[in-house]
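The values are calculated or read from the model by the stated rules, or taken from the named source; none is laboratory data. Quick caveat: nothing in here was measured; it's all calculated off a predicted structure. Cβ placement follows ideal geometry from the backbone for every residue including glycine, while neighbour counts extend to all protein chains displayed. Accessible surface areas use protein heavy atoms only, side chains included; no ligands, DNA or RNA. Shrake-Rupley method; radii C 1.70, N 1.55, O 1.52, S 1.80 Å.
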Amino acid sequence: MAGAVAASMQFGTPPPSPAARRAPTFHADPAADARQLLGALLPPRPALHHVLQAHARLAVLGLATARALPQLLAALPRLPLAAAAASSHSYPLSLFRCASCASAFASNHLLRVLPHPLPLHLFPRLPRRNPHSFTFLLASLSNHLDADPAAAGSVSSRFMGTHVHALAVKAGAAGDLYMRNALIHFYGVCGDVAAMRKVFDELPLVRDVVTWNAVLAGYVRAGMVGVAREVFNGMPVRDEVSWSTVVGGYVKEGELEVALGVFKNMVVQGVKANEAAIVTALSAAAQLGLLEQGKFVHEVVKRAGMAMSVNLGAALVDMYSKCGSVAAAKEVFDAMPRRDVFAWNSMICGLATHGLGHDAVQLFEKFVSEGFCPTSITFVGVLNACSRTGLVDEGRWYFKLMAEKYGIEPEMEHYGCMVDLLSRAGLVQDAIELIEGMRIPPDPVLWGTVLSACKRHGLVDLGITVGNKLIELDPAHDGHYVLLASIYAKAKKWDEVRKVRKLMSNRGTSKSAGWSLMEAHGIVHKFLVGDMDHKDSVHIYNMLCMIDRRLAEAGYVPDVSSVLHDIGDEEKVHAIKVHSERLAIAYGFIVVEAGSPIRIVKNLSVCGDCHEFSKMVTKVFGREIVVRDGSRFHHMKDGKCSCHDYW
Ligand code: ZN
Ligand code: ZN
């Protein structure tokens, strides 16, 4: 067994087994007796211990002959790869060594049940082989590479696979459909799309849907979703695996809207979505933050009567919390028959981003009391919850607990939460000490948080020090200049304000373009600042005028301090009035039924004035607005926001 793989791959005639010579002969046909007895002893799906018991019984009766052994082999259950402890395989292997006359069926069974690399060692000694033997050998190799991406790129893995390929060609087995499918899968797993394509193109008539799916998966794995789509379009027959592979490919490449479009098309065409497609589509909806799309996928699950598996439940919880419906997330979570760490993490983080810090902390305690072990992500959720809810002592305690009890080294996200927590509470000096004591180089964002806190808490001198440090560290981010300038302005140091602005324009900082998404009746609308491209543009601007008039009557005055271009006040007011989320809100007034919340997804943080504006809208018009910005949710109702005006 211990010989080098390449050496053991010299396929000669198998050595005669000593067991064959020792076979007892005192029964007329012991093999037939053994077969009959095994049929009676073994349940339809025997476990390893059933096979062992049956073997013992045969031995007692003197029926454990070499010819009975292949039948025992064939009865062996498929051993899970994870349970690859050497001891659990010694039995099948010892059986095999005794079974000189193992049938090709029994041999192939062994290739399937044994974990990598045992099949490679065993293959040369197989007494009988057929084309399927090559297939099982290659499948064993591919499964191993699939589970270990580092091995997939290694030269030796490639070499072993191509060696099996060559042997199959020599044995005349390479034209077999199953063998071709296994080869395409193998080259796909290795990322060798050229070799994969070559096998695929060689025999256009020897293909089935599995062949096509293997090619699709290979291209998706290589990040070539465009080519995968061409292959998909050319497929004579598609099954649910083909569809879910393409959906997954688009999600992997970040083309989330296209992924959801393909998923919808699949449903429209009457293809029954499998769990993989559903989970991927849910993750696309979650990343986009589009509730209607997510609900559509959930409807598909309900209509198909799919059982709520752990994966599916976790994906639904994640989708609902990222799409702003934390109540629906909780409902799914509570109804899950079994939950894994992912589901708990999604729920804890979901509650935290929605500003429900106490609930998140309570859920964390329940999670621990049920015997689960928290992960790094769990603590991001818990610390986030503490920071959003102002639980300073609890936050410090959990931060310590994470490292001391669970051995989790704090990462940037954890530091981010703690700096946020301390800064919000006005403990700016503590936040600075935490950053300075970090074991990893701090992200400038952390200093940005401190700088905002300085502005908020009126710490002018500290703010000036931190602000100057920050524009050194991260000169391309215009937000830092804006903050520093506004701190100087607060101290009435007008010369300094001008200097900072000049520095900002000299360095040519660029602000990434802001956009807002709003979905209505299954269609996603995207707005940019001052956007005139929408087909209902005229109505939108009319609606915005009406909203502005009503808000002005209610006493709202625009705060233009967040507009820093050197333009006059009147222009500033105009610039702020057409921020993308306001256009989205105005369009929401036109297309979203009264009584339903207007849901908006923004790529950047909401500016201070749009936040005020939106809150005012909820008060004056009695509508609910839910905004998901870069890092959190703002649930606005009756003039108040769930973020307590701190973001
Ligand atoms: Zn704005
Ligand atoms: Zn808010």
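Would you say I600 is outside any loop (DSSP other than H, G, I, E, B), within 16 Å of ligand 1 (Cβ to nearest atom), modelled with pLDDT of 90 or more and open to solvent by less than 60 Å² (accessible area, probe 1.4 Å)? Answer is yes for this residue.
Flag: A594 does not match the condition of being open to solvent by less than 10 Å² (accessible area, probe 1.4 Å) and either under 32 Å from the mean Cα position of the chain (by Cα) or away from ligand 1 (no atom under 15 Å from the Cβ) (or both). Quick check, is P46 under 30 Å from A147 (Cα atoms), at pLDDT 70 or above and of a type outside the set (D, E, K, R)? When the stated conditions are applied, P46 passes them. Kindly check whether there is at least one residue in the range 453-472 that is in contact with a Leu (Cβ under 8 Å, 6 or more places away or on another chain) and over 21 Å from L427 (Cα atoms). Checked against the condition, which is being in contact with a Leu (Cβ under 8 Å, 6 or more places away or on another chain) and over 21 Å from L427 (Cα atoms), the range 453-472 yields at least one hit. Scanning the range 637-647 for residues that are at pLDDT 90 or above and surrounded by fewer than 16 Cβ atoms within 10 Å (Cβ to Cβ) gives D638, G639, K640.
Every residue, every condition in (1) modelled with pLDDT of 90 or more; (2) among the β-branched types (V, I, T); (3) outside any loop (DSSP other than H, G, I, E, B); (4) within 16 Å of ligand 1 (Cβ to nearest atom), yes or no:
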residue: M543; (1), (2), (3), (4): yes, no, yes, no
residue: R550; (1), (2), (3), (4): yes, no, yes, no
residue: S561; (1), (2), (3), (4): no, no, yes, yes
residue: I567; (1), (2), (3), (4): no, yes, no, yes
residue: F589; (1), (2), (3), (4): yes, no, yes, no
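Across the range 576-622, what is the number of residues that are under 25 Å from A286 (Cβ atoms), touching a helix residue (DSSP H, G or I) at 6+ places or on another chain (Cβ under 7 Å) and away from ligand 2 (no atom under 16 Å from the Cβ)? So the count comes out to 2. Could you please let me know if S387 is in contact with a Leu (Cβ under 6 Å, 6 or more places away or on another chain) and of a type outside the set (D, E)? Criteria met by S387.
Evaluation of H165 against the conditions (1) open to solvent by 40 Å² or more (accessible area, probe 1.4 Å); (2) over 17 Å from H116 (Cα atoms); (3) of a type outside the set (A, V, I, L, M, F, W, C) shows that the sole unmet condition is (1). Screening V215, V246 for residues that are assigned to a helix (DSSP H, G or I), within 20 Å of the chain's Cα centre (by Cα) and crowded, with 24+ Cβ neighbours inside 10 Å leaves exactly one candidate, V246. Considering S142, S154, the condition of being open to solvent by less than 30 Å² (accessible area, probe 1.4 Å) and among the hydroxyl-bearing types (S, T, Y) is satisfied by S142 alone. Could you list, in sequence order, the residues of the range 476-528 that are more than 31 Å from the chain's Cα centre (by Cα) and assigned to a loop (DSSP other than H, G, I, E, B)? Of everything in the range 476-528, those that are more than 31 Å from the chain's Cα centre (by Cα) and assigned to a loop (DSSP other than H, G, I, E, B) turn out to be A491, K492, K493, R507, G508, T509. Selection within the range 617-636: residues that are hydrophobic (A, V, I, L, M, F, W, C) and buried (at least 19 other Cβ atoms within 10 Å of the Cβ). The member of this set that is nearest to R388 (Cα to Cα) is F633.
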